[in-house]
Amino acid sequence: MARLFVQLKLRLLRNGLRSSTQAQVAFIISTIFAALVAVGTFAGLAALRGNSASVDLTTVVFTVFAFGWLILPLLAFGLDGTLDPATLALYPLRTRPLAVGLLAASATGAWPLANLVGLLGVTIGLARGGFGLFIALLAVLLEVLFCITLARFVTAGLAGLLRSRRGKDFAAFLIIPIFAVYEVFTQVVPKLTAEGKLTPASFAGADVWMRWLPPGLAAHAIQDASNGHPGTALLQLTLLAAVIVVLGRLWIGSLSRGLVTVDTTTQSSTVRGAALPFGRYGLRGTVAARSWIYQRREPSSIIYWCITAVVMIAVSISTILTPRYLSGLLGSAALGAALIAVLHSDSIGMSGPSFGLEAMALSGRRALRAYFSGQNIALGMIAVPLLTLISFGLAAVAKHPVDGFLGMAVELAGIGAALALGSVFTVTAPYPVEKRVGSPTPRPVDGYMGYRLAGTFGSLFGTVVAVIPVVLAAVFTRSDPAVVRMPVLVLCAAGYGIALAWIGVRVAGGVAEQKLPDLYQIAVRSEL
Amino acid sequence: MGEPAIAVRGLRKSFGPKEAVAGIDLEIAAGSFAGLVGPNGAGKTTSLSMMTGLLRPDGGQVLINRLDVWADPPAAKAVIGVVPAEARLFERLSGEELLEYAGRLRGLPVGEARSRAAQLLGVLDLTADAKRLVADYSTGMRKKATLGCALIHNPSVLFLDEPLEGVDPVSADVIRRLLTRFVGSGSTVLFSSHVMELVEQVCDHVSIINKGRIVATGTTEQVRGGKTLQQAFIDLVGSRADGGEGLSWLGSSSS
């Protein structure tokens, strides 16, 4: 069974490569990144040789890898196509061989290999002597096995949860705390390291509790084996193996349930209110009403707003209490706005086949402009108060509450630019998306990653460039009295933002008029 | 035959090397209940998508009530309603909100949109579920909601792609009666289906499409030619399998 699943995984990879040039490019880029991670991790772990905090750091690295295995499939890559229990439920497969097969399939590919190779850096950095080396090899194998089993256990558990609509909604929100921790690792940790506040010595003693986690057991087993405590080392690895067995059993149980659990989506709730809000304000109001409802009821919309808030706080957290607080405040406002552009740069693809209802009814430039304008109104109704609140909150933390107006000015211009770019990218570079089992966030259909990258970087870059005049105005007028410059700055920034959004709507309306059938064909390919 | 409600001339569409629709011609009279039947992959959905302005054709012309769909899409779209094969709707709206939204998109005043939505929900037997999210609707309820969205602006021509696929008999009967009433008022329906019995029962005009070409078209009686529609269809399209004669191992008596 293991062989069959490995063959299936390899065949899926091969067929994916044949499907399009973009898929080939994505595979090559992914493989290069995997190789870089392997080499970088190996070198980093090997460089710890002789470092007093080597076991602490190794423990942290092992834990970070386990965390990565836990969240990356949820955040970016979706569930491996060979691992969806639903596709296997029809076959007479016993759960145990099925689990072994799925585990083997999980371990196949560039990233698991990169994981294994990278962690083998401990054979130089931490291991001493023949027995230490032997235990290091064993510990790395068990660590990788633990990572894979943990990831499968969580995704299989989520797959079960995702069978009901309410469960799907609930599971989707799990991504918010996961994303917050991810942001700490990617934003805060590198900044603190660069500022010298986080050094290898900072990790000394960090493993007081972390050493008792499964990755910590693996790291400490290597050190104990190298320091002449073979019994303790073997005991720790035995404990790790036992954790893997328990996790594996839980996974198999979850898998067994997943194969036979019924769909409970019909256990539904009703909504209050009789009609669409602001429906009486023409087509623009009607579209705004529908978008407004979606921003409140669609979990992915709520997640996007939470992610925006988390990122805004995370990027400013290390500077907001320093004399350079203003850069953190303005940077946070600009990035928050840019994220709105990124997260809404494929609104038609994200609408999915339901866009057909709109495509059938909307014709003509005027109607399409009203459509984009309506969407912008709904987004602006959330974006403006949310970003303003965060800007003033950060300014208050920095003990310069009045400077919240500076953040507000940047964010108002940025939101305008973001809405413009979102509208333009959604008609010029739309792509179909799909939600995979185990993943609450949609990802581009194979072959469209280039479109997402274009939308993401175009939106980020475009928004940041668009807010530069406001940032400069904010900085260059700092010597003027706040009571004079703040209202002018905020009003001018708001006018600038509205003008940008208006231009975006006009451009998007014109392009959409020419491309409406093509946009529909993109939307209809989305699987949400 | 009077003025055609739907006139299709030389409609073509290729996807790469595959020719999905190879130049079809079709005329459906106003007030007809017309069926478009064909095997899987024959080009039914592609043809309907092009006729409704949702898929750009490589060539040909589609006229709805003499309005050219591809020369003047807004005018043509205003007089048609579409029920796609897969009822994908705005899942996070309630049934009531969805129909009102569809009506407002079509330019109906607020009061009129709400009133028609309520009436349609009643006729479609969805009043009790009007405040439930569409995400929680069953397949049949979704089909009925989609039909409501397609009818709310009172189109003169209605296109339906596999309207009764996966729908229970009770919901199917509701849909069938509503469509019959719609045609009885002088409007036109063109729907695609695999179910020959249904087409034979309700349609006065049938077109058979195979490999992207119309191989037969006319009144149901003409196309049947004294046989059942199922038999006429198989005779025209041809049986595609040998009935499993080569599978000697298949069946309880085999070892």
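Of everything in region A:151-171 that is buried (at least 22 other Cβ atoms within 10 Å of the Cβ) and not in a loop (DSSP other than H, G, I, E, B), the residue that is modelled with the highest pLDDT is A:Ala151. When A:Gln514 is tested against (1) within 14 Å of chain B (Cβ to nearest Cβ); (2) farther than 30 Å from A:Ser30 by Cα; (3) touching a residue at least 24 places away in the same chain (Cβ under 8 Å), only condition (3) is not met. Take the conditions more than 13 Å from A:Leu330 (Cα to Cα), free of Cβ contacts under 8 Å to residues at least 12 places away in the same chain and among the acidic types (Asp, Glu) and apply them to A:Asp446. Does it pass? Answer is no for this residue.
All conditions in (1) of a type outside the set (Asp, Glu); (2) closer than 30 Å to A:Leu17 by Cβ; (3) without any contact (Cβ under 8 Å) to a residue 24 or more places away in the chain; (4) outside any helix (DSSP H, G or I) hold for A:Lys399, with the sole exception of (2). Quick one: would you say B:Glu100 is under 22 Å from A:Ser526 (Cβ atoms) and either among the acidic types (Asp, Glu) or more than 10 Å from chain A (Cβ to nearest Cβ) (or both)? Against the criterion (under 22 Å from A:Ser526 (Cβ atoms) and either among the acidic types (Asp, Glu) or more than 10 Å from chain A (Cβ to nearest Cβ) (or both)), B:Glu100 does not qualify. Here A:Gly450 meets each of (1) more than 14 Å from chain B (Cβ to nearest Cβ); (2) at pLDDT 90 or above; (3) within 28 Å of A:Arg506 (Cα to Cα) with one exception, condition (2). Within region A:508-522, the set of residues being farther than 17 Å from A:Ile377 by Cα and among the aliphatic types (A, V, I, L, M) comprises A:Val511, A:Ala512, A:Leu516, A:Leu519, A:Ile522. On the stretch given as region B:126-154, residues that are in contact with a strand residue (DSSP E or B) (Cβ under 7 Å, 6 or more places away or on another chain), surrounded by fewer than 22 Cβ atoms within 10 Å (Cβ to Cβ) and either more than 11 Å from chain A (Cβ to nearest Cβ) or at pLDDT below 90 (or both) total 3.
Does region B:82-100 include one or more residues that are within 18 Å of A:Leu357 (Cβ to Cβ), surrounded by 17 or more Cβ atoms within 10 Å (Cβ to Cβ), aromatic (Phe, Trp, Tyr) and touching a Lys or Arg at 6+ places or on another chain (Cβ under 9 Å)? Yes, that holds for at least one residue.
If you go through region B:115-125 and keep only what is of a type outside the set (Val, Ile, Thr), out of contact with any Gly (no Cβ under 8 Å at 6 or more places or on another chain) and either at the interface with another protein chain (Cβ under 10 Å from one of its Cβ atoms) or assigned to a helix (DSSP H, G or I) (or both), you end up with B:Ser115, B:Ala118, B:Gln119, B:Gly122. Anything in region B:66-81 that is among the β-branched types (Val, Ile, Thr) and either surrounded by fewer than 21 Cβ atoms within 10 Å (Cβ to Cβ) or in contact (Cβ under 8 Å) with a residue 24 or more places away in the chain (or both)? List them, or say none. Answer for region B:66-81, where residues must be among the β-branched types (Val, Ile, Thr) and either surrounded by fewer than 21 Cβ atoms within 10 Å (Cβ to Cβ) or in contact (Cβ under 8 Å) with a residue 24 or more places away in the chain (or both): B:Val79, B:Ile80.
The values are calculated or read from the model by the stated rules, or taken from the named source; none is laboratory data. Because the structure is predicted, anything quoted here is derived from the model rather than measured. All Cβ positions, glycine included, derive from the backbone under ideal geometry; neighbour counts span all protein chains shown.
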